[in-house]
Amino acid sequence: MFRRDHPVAWAYHRRTSRWPFNMHGLNEATRETPVFKEDFDATCVELPAPRLPDVPFASALAQRSSCRRFAPAPIECAELGTALHAGYGVLERIELWGEFCARPVPSGGGLYPLELYVLAQRVQQLDGGVYHYVPLGHRLEVVRPDALPAHLSSEMFLGQPYLVQAAAIVVITAVVERSLWKYDDRGYRYIVLEAGHVAQNINLCAAGLGLASLNLGGFFDEDVTALLKLDPDREIVLYGIALGHSEVADRLESRQPSAADQAVRRY
């Protein structure tokens, strides 16, 4: 029984359900927040113009697979930038009740509450550290300029040892008020749905680029929040996607951690 066995999940689902009597008072634009987050004092890194992979959709879909056997090889900065653009970039500016930035995923109310960060471990032309993606200018803001300790990503994402070899980890966060001002608590559902759209775009783009990926739903929330320098009352961590090269060609084999990694997996 859902209610009996998982009371917290049931309470959330039930309390964010909609009926005619709890629809009143919504959609009052009293707390709208900016769509884009940008630190004008931050050091920036301009990304190469994105070049989406010219591969059939069926091929990208077939190649997408969870990789737990990353090779300790770097990816190109252009590849990282293309994956970020495919996930949550700005495709074009159009007139739609005023200027509107079209983006590659659907968003409840066109509010786009998400932000993307990068934990760079092995990216060519990019120093190791933490970055924030600015989609409107297709650039990275430096959040932390120092290279990350070798095992930090593994420890923060519940002790998954294979992340040490990943080239980069993209972290999806949400500035929750962008959605909740309009949709109240129901907006949290829309936020997590949108994070899934973004992650799948990154997965498929990575596959088209010949890269491996691994989606990460397990992490120590407060540790990742602190690393990204977020205010947890305003911006929360939702999801991660590790990117890199697979050390094995066989997709089934790449899904399985190495014997050494299996022995040290902590959670």
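Just a few scattered comments:
- Using Cβ point charges alone (K and R +1, D and E -1), the dipole size of the range 37-178 about the Cα centre works out to roughly 580 debye.
- Gyration tensor (Cα) of the range 77-123, equivalent ellipsoid semi-axes in angstrom: 25, 12, 7
- Between Arg234 and Asp221, the simple label model (points 7 Å from Cα in the Cβ direction) yields a spacing of 1.9 nm.
- The three principal axes of the Cα atoms in the range 195-267 give end-to-end lengths of 43, 32, 16 Å, sorted in falling order.
- Modelled spin labels at Leu52 and His13, positioned 7 Å past Cα toward Cβ, are 3.4 nm from each other.
- Dipole of the range 145-267 [Lys/Arg +1, Asp/Glu -1 at C-beta], most positive-end residue of Gln160, Val198, Pro149: Val198
- Taking only protein heavy atoms and a 1.4 Å probe, the accessible area of the chain is 53% carbon and sulfur.
- Protection proxy ranking for 126-139, 45-58, 241-254, using the average of other Cβ atoms within 10 Å per residue and placing the highest first: 126-139, 241-254, 45-58.
- Computed with a 1.4 Å probe over protein heavy atoms only, the accessible surface of the chain comes to 51 Å² per residue.
- Between Ile94 and Arg255, the simple label model (points 7 Å from Cα in the Cβ direction) yields a spacing of 3.7 nm.
- Taking every DSSP helix (H) stretch of at least 4 residues in the chain, weighting each as -39,500 (n - 2.57) and dividing the sum by the residue count yields a mean residue ellipticity at 222 nm of -8500 deg cm²/dmol.
- In the chain, Rg over Rh equals 0.98, where Rg is the alpha-carbon radius of gyration and Rh the Kirkwood radius from pairwise Cα distances.
- Relative contact order of the chain, pairs being alpha-carbon contacts under 8 Å that are 6 or more residues apart, as %: 26 percent
- Taken about its Cα centre, the chain carries a charge dipole of roughly 1060 debye when the Cβ of each Lys and Arg holds +1 and the Cβ of each Asp and Glu holds -1.
- Rounded to 5, the percent of DSSP beta bridges in the chain classed as antiparallel: 95 percent
- Cα gyration tensor shape for the range 33-128, rounded if a/c is under 1.5, else prolate or oblate: oblate
- Taking a ≥ b ≥ c as the square roots of the eigenvalues of the Cα gyration tensor, the range 131-267 is prolate, since a/c reaches 1.5 or more and a/b is larger than b/c.
- Rounded Å value of the spacing that divides the Cα centres of the range 48-79 and the range 169-232: 19 Å
- Counted residue by residue at 0.36 nm each, then reduced by the alpha carbon distance between them, the extension gain from Phe21 to Thr43 reaches 3.0 nm.
- Prolate/oblate/rounded call for the range 70-174, Cα gyration tensor, a/c under 1.5 rounded: prolate
The values are calculated or read from the model by the stated rules, or taken from the named source; none is laboratory data. Quick caveat, the model's predicted, so the values are computed rather than measured. Counting neighbours? That spans all protein chains shown, and the Cβs are built from the backbone with ideal geometry, glycine included. When the accessible area is computed, the model is the full protein with side chains, heavy atoms only, and any ligands, DNA or RNA have been set aside. Shrake-Rupley method; radii C 1.70, N 1.55, O 1.52, S 1.80 Å.
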